[in-house]
Amino acid sequence: MAAGRVAGYGIATWAGLKEEAFTVRELLALAAEAAGGQHHHRVTVQLPVSLVMMTPIVQALHGRGPLPAATGAGLG
């Protein structure tokens with residue numbers, strides 16, 4: 001947070017990704033648009049991981065869903 005600037009931020013959602021209201025790619029495009037370029041500082045996507053909600057993990061194990069998309073976009 002040098003000079004009072006945000007070093008990085010993320011988004012925490014499952015419903016929006018699960019219901020396909022948006023994709024990781026669309027979230028990055030919106031971040032770039034809001035920031036006026038690719039230096040938007042979005043660095044993470046947070047999803048629930050539990051024994052009750054296994055969908056994100058199952059999707060990732062099959063190479064699909066938001067987790068592989070986030071990784072492919074360089075997000076944590």
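Computed values, structure above
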quantity: Dimensions (Å) - the chain, Cα atoms, principal axes, largest first; calculated: 42, 21, 20
quantity: Computed [θ] at 222 nm, helices only, for the chain once each DSSP H run of length n ≥ 4 contributes -39500 (n - 2.57); calculated: -10000 deg cm²/dmol
quantity: All-pairs Cα distance distribution in region 19-63, expressed in whole percent, bin size 10 Å; calculated: 23, 42, 26, 9
quantity: Estimated FRET transfer efficiency when R0 is 30 angstrom, pair residue 26-residue 51 (beta carbons, to 0.05); calculated: 0.55
quantity: Distance between modelled label sites at residue 58 and residue 5, nm, 7 Å Cα→Cβ extension; calculated: 4.3 nm
quantity: Value of relative contact order over the chain, rounded to a whole percent, pairs C-alpha under 8 Å and six or more apart; calculated: 33 percent
quantity: Residue with peak Gaussian network fluctuation, the chain [Cα springs, cutoff 10 Å], from 66, 56, 48; calculated: 48
quantity: On Cα atoms only, tilt of 24-35 relative to the major axis of the chain in degrees; calculated: 10 degrees
quantity: Dipole-positive endmost among 41, 23, 12 within region 2-72 (Cβ charges, Cα centre); calculated: 41
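Bear in mind these aren't lab numbers, they're just calculated from the coordinates by the rules spelled out. Every value quoted in this text rests on a predicted model; they were computed, and no experiment measured them. Every residue, glycine as well, gets a Cβ built from its backbone with ideal geometry; the counts of neighbours run over all protein chains shown.
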